[in-house]
């Protein structure tokens, strides 16, 4: 067998393995479920807590998940911002992501004024993570 043929077979095998991995990662990522309809909220000590159900039905762990959130006025003025970090969610694991906001922060003068003045507030959420 000549060198050209060995290189061609090796390259084809590596390409096939890479394609299978990328395909499985994409399919696996599509299996992650966030159940927005079952978010639980409660008061716990000095915090308002929201628990968001997340089910990693995929084949790979979720690592270093960071959820950043803000409370904004309709004019996009920042009232409050925070973040929650989850180190790892294993494959097939069901977990409730806990987001805790200090009540003292929510009762600050600016937020109370905005709630009384405005009919709505914006709450953008950004999620970053490492997967596969």
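The values are calculated or read from the model by the stated rules, or taken from the named source; none is laboratory data. All figures in this text were calculated on a predicted structure; none of them were measured in a lab. Glycine gets a Cβ as well: all are built from the backbone with ideal geometry, and neighbour counts include every protein chain shown.
Remark: residue 117 falls outside the filter, which requires a residue to be modelled with pLDDT of 90 or more and surrounded by fewer than 15 Cβ atoms within 10 Å (Cβ to Cβ).
Taking the listed residues 9, 48, the one that is in contact with a helix residue (DSSP H, G or I) (Cβ under 7 Å, 6 or more places away or on another chain) and surrounded by 10 or more Cβ atoms within 10 Å (Cβ to Cβ) is 48, with no other qualifying. Just give me the residues in region 35-60 being in contact with a strand residue (DSSP E or B) (Cβ under 8 Å, 6 or more places away or on another chain) and under 13 Å from residue 89 (Cα atoms), in sequence order. Result: 53, 54, 55, 56, 57, 58, 60.
For region 61-76, a tally of residues being touching a residue at least 24 places away in the same chain (Cβ under 8 Å), out of contact with any strand residue (DSSP E or B) (no Cβ under 6 Å at 6 or more places or on another chain) and either surrounded by fewer than 17 Cβ atoms within 10 Å (Cβ to Cβ) or closer than 15 Å to residue 129 by Cα (or both) returns 2.
Pairs are defined by a Cβ separation below 7 Å, a sequence spacing of at least 6 or placement on different chains, a first member in region 21-37 that is without any contact (Cβ under 8 Å) to a residue 60 or more places away in the chain and not assigned by TED's automatic domain parsing to the domain that holds residue 61, and a second member that is outside any helix (DSSP H, G or I) and loosely packed, with under 12 Cβ neighbours inside 10 Å; no pair meets this definition. For region 52-61, a residue qualifies if it is within 17 Å of residue 99 (Cβ to Cβ) and touching a helix residue (DSSP H, G or I) at 6+ places or on another chain (Cβ under 9 Å), and the qualifying residues are 52, 53.
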